[in-house]
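These notes are about the structure you will find just below.
Only the coordinates and a few stated rules stand behind these numbers; no lab work does. Since we're looking at a predicted model, the values are computed, not measured. Counting neighbours? That spans all protein chains shown, and the Cβs are built from the backbone with ideal geometry, glycine included.
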Amino acid sequence: LFGCTSYTVDSGCATMDSNLAVARSLREEGNMWFKQDNMELARESYESAIDSIECGMIASEESDLVKALCLLNLAAVFLKNEAWLPAVEACSKALKLDENNLKGFLRRARAHIKLDEWSRASADVSSALAIEPESKDALVLQLQVDKQNMRSSKLSAAAQKKAFSSFWANKDNGSKDGTAGSNGSKGSKSSKGPSEASGGGRALYQDRMEAKKEAVVVWMELAIGGQVLGKIYIQIFDKNKPRTADNFRRLCTGEDLTSKSTFDGKSTSKSTLEGAAPLSGALLHYKGCEMHRVAKGMLIQGGDVVHREG
């Protein structure tokens, strides 16, 4: 087998079944070394197991499963050794073989966090929670991601406050409402709502967040020409102007869908946004809204839900 593995039958030509058996044996050996905290020998065993499958040119669901497991074991070794990029690579290869592997998403998310790649980590955590909504490991990682998003939002707000000190100072005079974090980004293309638990159905995490009375955070997803660039996270301050803040939150979530009001005041039903003027059947969400102004490093403006043109 061209030196790919030292495990061969007497004839010197290993069969597919024997190579798969060798791979399983090497994986078990690697697990033994891993438990003994011998990462070097564990890595060698897992890599030899993968070589055994690849050199045997084995192609079956069973061999793909064994190879995926070996790759995930190898990723665990890399995480232990703080080799974050190899860990990401090993997990990515494993997920190509088993696209619904919970451990693959969790381990890759941990590596992304260490690499300070928070958007990729968030995507992996969301995928993990879609597979197992009550996964404790995924919920812990989600909390890390949300805390980072909160920190990023605060840094963004601080930068805006510094750039518009005179404008923000008006807040003390009552001219600024409770949506301190929302100015300048209402018009960004968005999809859906609060990111207290952005991703899938994760009741446990939501309960914990509510119990801690965390501030509400929403997000907007930006896209240019249909290509998604990323998300902006916005913390909502609702202490001073709760109605205004809640209206903004609901426009982010889209929970009110479409207004049935008309411009002439002959409404078939009142707009569900409290205190809102008739909106002529407007879509009551920011999804698809265009941004008409971008000031680099400062603000993004838009949010016309009636005409949806800026």
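Some notes on this structure:
- Rounded FRET efficiency, nearest 0.05, which uses the C-beta distance separating K114 from E61 and R0 of 35 Å: 0.60
- Distance between modelled label sites at E28 and K147, nm, 7 Å Cα→Cβ extension: 4.1 nm
- Extension gain, Q36 to E99, is 19.7 nm, computed as 0.36 nm per intervening residue step minus the present C-alpha separation.
- Out-of-range pairs (alpha-carbon distance over 18 Å; input K35/K80; K80/K103; K67/K93; K231/K287; K93/K147; K80/K114): K93/K147
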